[in-house]
1. Those residues that are more than 9 Å from every other protein chain (Cβ to nearest Cβ) and surrounded by 11 or more Cβ atoms within 10 Å (Cβ to Cβ), I need them from the range A:62-78; list them, please.
2. Against the condition farther than 25 Å from A:GLU39 by Cβ and in a helix (DSSP H, G or I), how does B:VAL56 come out, does it pass?
3. Being more than 8 Å from chain A (Cβ to nearest Cβ), of a type in the set (D, E, K, R) and farther than 27 Å from B:ALA145 by Cα narrows it down to one residue among B:ASP68, B:ASP42; which is it?
4. Say we look at the range B:10-37 and pick out the residues that are facing chain A (nearest Cβ under 10 Å) and over 21 Å from A:ASN46 (Cα atoms); which of these is surrounded by the fewest Cβ atoms within 10 Å (Cβ to Cβ)?
5. In the range B:17-28, what residues are touching a residue at least 12 places away in the same chain (Cβ under 8 Å) and either of a type in the set (Ser, Thr, Tyr) or more than 13 Å from A:ASP26 (Cα to Cα) (or both)?
6. Quick check on the range B:70-89. Is at least one of its residues modelled with pLDDT of 90 or more, outside any helix (DSSP H, G or I) and crowded, with 20+ Cβ neighbours inside 10 Å?
7. Could you list all residues from the range B:1-27 that are of a type in the set (A, V, I, L, M, F, W, C) and in contact with a Lys or Arg (Cβ under 7 Å, 6 or more places away or on another chain)?
8. Residue check: is B:TYR187 part of a helix (DSSP H, G or I), among the aromatic types (Phe, Trp, Tyr) and either within 12 Å of chain A (Cβ to nearest Cβ) or over 18 Å from the mean Cα position of the chain (by Cα) (or both)?
Amino acid sequence: MNPNDKKSVQSVAAKFLDNLASFLGDDSPSREDLTSDLENNGFDVNQLRSDFRGLLSEHAPTWQQKAERERKAALETLARQEVAAPRARSVVENEINNLIQAMQQLGATVPAGAYHQKFREATDADLESLRDDLALQYQILKKKQTK
Amino acid sequence: MSNGKERAAIVLRGPEGEEIYLRLVLYAERLARMHGWRVGADLPGASSPKSIVNDVVIKVLEGVRIWDESREPSLLNALKGMVRSEIGHLYEKIEETLVEPADAVLPNGKERTSDSFPSTRLHPGELNPEQHLLRTERTKQELAAMTLVLKETEGKPDAESVLLALYETDSSAEIAQMTGLSIERVYSARRELDRIVRKITLARVIRAAREENRP
C-alpha cells in the first residue's frame, strides 16, 4: 500500500464514522421513538425528565420559583429564631431571677426592679453577661458568709 | 431584547425544552460511543454523556457559554455543537496524556489544555514520533470499528445500503435519494443500525484492532 492509499483509507474510516455518528444523532424520530431509543441506550426517561426539571429549577428558576424559594428560606429563618432565641432568653432570665433570690436570702440588697427593667431592653448577650456577673457576686457573697 | 442566556432559559422552559434535553442526551451517548471506539477509551473520570449535557446546559443558562441565536437559530443544534466540542476535548485530553505528562505547564506559566496540544489537527509531517504513533493507533481503531459495523450489518439489506451511502453523506434525505429507499425505510434502517452500534462494545473494537495488527 502506498502512502497515499494509506491516507485515503484513514480518511475513509474517519469520515464513515463521522457520518455514522451524525446520522444516528439526527433528530427526525418521533417523541415515542426518542423515548424508546433512550431506554434502549439504558436511560430511565422519567429520571431524565425529573433531572431536567431540577436543573431548570436550580439554574433558570421562574419568578414564581424564585419567590417560593425566598419565602421558604424566610420561613425557615423565622422558625429557627422562634425556637432557639426565646427559650435561651427565658432560661437566662430564670437563672438571673434565681441568683437574685439567692443573694437576697444571703442578705444582699439587690435592686431587682432595676434588673427587671433592664431585662426588657437588654440584648441576649447583655442578659448572659448580667447572669455571669451576678453568679460571680453570689459566689463572693457566699464565700464571705462561710468565713 | 433578551440575551442568549435568557432566550435559552425561555426555550428550555417552554414546550420543546424537555424534548431538546432528551435529544441532547441521546446525541451525547451516541457521540461518546463513537469517540470511545476511535480513541480506544471510555470518557475520562466521572464524566458521562448525561453529565456533559448537564454541564453544557448549565453553562448556557448561566451565560458561561453563549447561544448566538442569529448564527444558529436552533437551540438544539447550538447545544449539540457545544456537546460535540466538550466530548472532543475530553478525548483529546486522553490522547494528550498518553504522550505527554499530565501536569505539564507551558513556558508562559499557563496550564496546558487540549487546545495547546492539537495533535489531531496537525498535518502528519508536523507530528512528533509519539503523536504519529498515536494517530496510527487511532486509525487502526477507526478501521476496526468500521469493519465491525459492516460485519454486523451483513444480511440486513436496508441497513447495508444505508451504510454504503454513509461513505458519502450523513443526511437521511440524501441517503434516501442515493439508495432509492423511502425516508421511512431509512429511519427504520437507522434504528437497526443504532441497535447494531450499541452491541459493539469498546472492548470488541480494541480487540479487533489488535487482531488486525497481528502478522
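1. Going through the range A:62-78, the residues more than 9 Å from every other protein chain (Cβ to nearest Cβ) turn out to be A:63-78.
Hits for the range A:62-78 are A:GLN65, A:LYS66, A:ALA67, A:GLU68, A:ARG69.
2. On the way: farther than 25 Å from A:GLU39 by Cβ: no; in a helix (DSSP H, G or I): yes.
Against the criterion (farther than 25 Å from A:GLU39 by Cβ and in a helix (DSSP H, G or I)), B:VAL56 does not qualify.
3. Working: B:ASP42 fails: farther than 27 Å from B:ALA145 by Cα.
Checking each option against the conditions leaves just B:ASP68.
4. B:ILE10
5. To start, the set of residues in the range B:17-28 that are touching a residue at least 12 places away in the same chain (Cβ under 8 Å) comprises B:20-21, B:23-25, B:27-28.
Hits for the range B:17-28 are B:TYR21, B:TYR27.
6. No, the range B:70-89 has no match at all.
7. Within the range B:1-27, the first condition is being of a type in the set (A, V, I, L, M, F, W, C), and the residues that meet it are B:1, B:8-12, B:20, B:22, B:24-26.
Within the range B:1-27, B:LEU24, B:VAL25 qualify.
8. Values: part of a helix (DSSP H, G or I): yes; among the aromatic types (Phe, Trp, Tyr): yes; either within 12 Å of chain A (Cβ to nearest Cβ) or over 18 Å from the mean Cα position of the chain (by Cα) (or both): yes.
Against the criterion (part of a helix (DSSP H, G or I), among the aromatic types (Phe, Trp, Tyr) and either within 12 Å of chain A (Cβ to nearest Cβ) or over 18 Å from the mean Cα position of the chain (by Cα) (or both)), B:TYR187 qualifies.
The values are calculated or read from the model by the stated rules, or taken from the named source; none is laboratory data. Predicted, not measured: the structure shown is a model, and the values here were computed from it. Cβ sites come from the backbone with ideal geometry, for glycine too, and all protein chains shown count toward neighbours.
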